[in-house]
Amino acid sequence: MNIFGKRLLVAAFALLASSLIYATPAAAQATRTWISGVGDDVNPCSRTAPCKTFAGAISKTAAGGEINCLDPGGFGTVTITKSISIICENNPEGGITASGVNGFIINGTNVSVVIAGIDLEGLGNTAVGSGTNGITFLNGASLVVRNMKIRAFRNGYGINFAPNSNAQLFVENTIISDSGSASTVTTGGINVAPATGVTARIAIVNSQIVNNLNVGLRIDTTGIVGSQIVASINNTQLINNGSGLLIKTPASTGTADFTLTDSNITQNTGYGMIINGAATTARVGNTTITNNGTGIMLLSSAIVKSYGDNRLDGNTTADGAFSSTLPKK
């Protein structure tokens, strides 16, 4: 090759390298992106050029990254398939209206998701078609729901936690209301129903599950062989639901280990608590169960133990009773 050919070859390599250098930033995903009520999804989702929707921003956010809200807005429903945090609690809250669909769907192998500061409206108290579930969790490692308002999902639940692999749910400082259908009993506030052989661990703290049809919190292993649910509820109000709490573990299905402390179960039209199945270990401490239709109903050899400091009285039909008293250690 002569000197002229060599120079052409060097120039070609330089041009190629330069194009790669300048192309890389455009293709890269940011670890933090931004959305705004006046944004546009053609933007790069930077703070100065925010996107319009969660779906637009998530495609430009790296796995493990974070989406923040700059201002209030309706940011659209989204399916999440990678680890992500969607944080809108430090600014005026973002919102989602979900007509006939789920607000959030989490469905990604081993993903960890945080959703905070979102107002999720299912439109079930309007003439518009109601949403299905506020949040549906199908697959992943963990979900944190914090500082949320989830309401009016009449075709399902505020939160439907139905993982097909071992997973954790943590709900903090959240109001779940006005969900559930009068025509379908398997709807309400929160549903926990892991798949066959799966362990679901849940914790609900400083929250309100109120004014839901059918049941406020449903923990159910019906038809699910080998599943396990470990649940801890603290400082939470279950008020004015069809029933406050249902734990159902039919024979030869799964098990539930349940602890309820420092909480209030009141004004539920049916039952305060229904424990159905001998495969449940249930403990209750420093909790008021009053002004319900029936306070406690135990079925199918179920047992619920008290730490001796609960208040169970004033229920309309019957108070029911704890099975035994546990010593405080």
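The values are calculated or read from the model by the stated rules, or taken from the named source; none is laboratory data. Keep in mind the model is a prediction, meaning the values are calculated, not measured. Neighbour counts are summed over all protein chains in view; Cβ atoms, including those assigned to glycine, are modelled from backbone coordinates with ideal geometry. Quick note on the areas: whole protein, heavy atoms, side chains included, nothing else; ligands and nucleic acids left out. Shrake-Rupley method; radii C 1.70, N 1.55, O 1.52, S 1.80 Å.
Tabulated values for the structure
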{"item": "Reachable lysines, given that their alpha-carbon falls under 23 Å from the alpha-carbon of LYS82 and they are not under 8 places away in the same chain", "result": "LYS52, LYS60"}
{"item": "Segments 223-231, 173-181 sorted - mean Cβ within 10 Å per residue, highest first", "result": "173-181, 223-231"}
{"item": "Neighbour net charge for GLY73 - beta-carbon separation under 11 angstrom, K R +1, D E -1", "result": "-2"}
{"item": "Proximal aspartates and glutamates to LYS248, defined as alpha-carbon separation beneath 14 angstrom and excluding residues fewer than eight positions away on the same chain", "result": "ASP220, ASP257"}
{"item": "Mean Cβ count within 10 Å, highest first, over the residues of peptides 271-277, 163-169", "result": "271-277, 163-169"}
{"item": "Total charge dipole magnitude, the chain, about the Cα centre, Cβ charges on Lys, Arg, Asp, Glu only, Debye to nearest 20", "result": "800"}
{"item": "Sum of side-chain charges, CYS88 neighbourhood, beta-carbon under 10 Å (Lys, Arg +1; Asp, Glu -1)", "result": "-4"}
{"item": "Percentage relative contact order, the chain, counting C-alpha pairs under 8 Å, at least six apart", "result": "8"}
{"item": "3J(HN,Hα) from dihedral phi, the range 34-51, Karplus parametrisation 6.51/-1.76/1.60, rounded to Hz, x for glycine, proline", "result": "9, 10, 8, x, 10, x, 8, 6, 7, 6, x, 6, 7, 5, 8, 9, x, 8"}
{"item": "Relative contact order of the range 290-329, defined on C-alpha pairs under 8 angstrom at six or more residues apart (%)", "result": "52"}
{"item": "Helix-only [θ]222 nm of the chain, DSSP H runs n ≥ 4, -39500 (n - 2.57) each, per residue, nearest 500", "result": "-3000 deg cm²/dmol"}
{"item": "Cα gyration tensor shape for the range 237-329, rounded if a/c is under 1.5, else prolate or oblate", "result": "oblate"}
{"item": "The chain - convex hull of alpha carbons, volume per residue in Å³", "result": "172"}
{"item": "Sorted peptide list for 298-304, 197-203, criterion being average Cβ within 10 angstrom, highest first", "result": "197-203, 298-304"}
{"item": "Residues of the chain: accessible area per residue with a 1.4 Å probe, Å²", "result": "43"}
{"item": "Degrees, to the nearest 10: 3-27 long Cα axis against longest axis of the chain", "result": "20"}
{"item": "In Å², nearest 10: area of ARG47 left accessible to a 1.4 Å probe", "result": "150"}
{"item": "Carbon and sulfur %, accessible surface of the chain computed with the full protein complex present, 1.4 Å", "result": "55"}
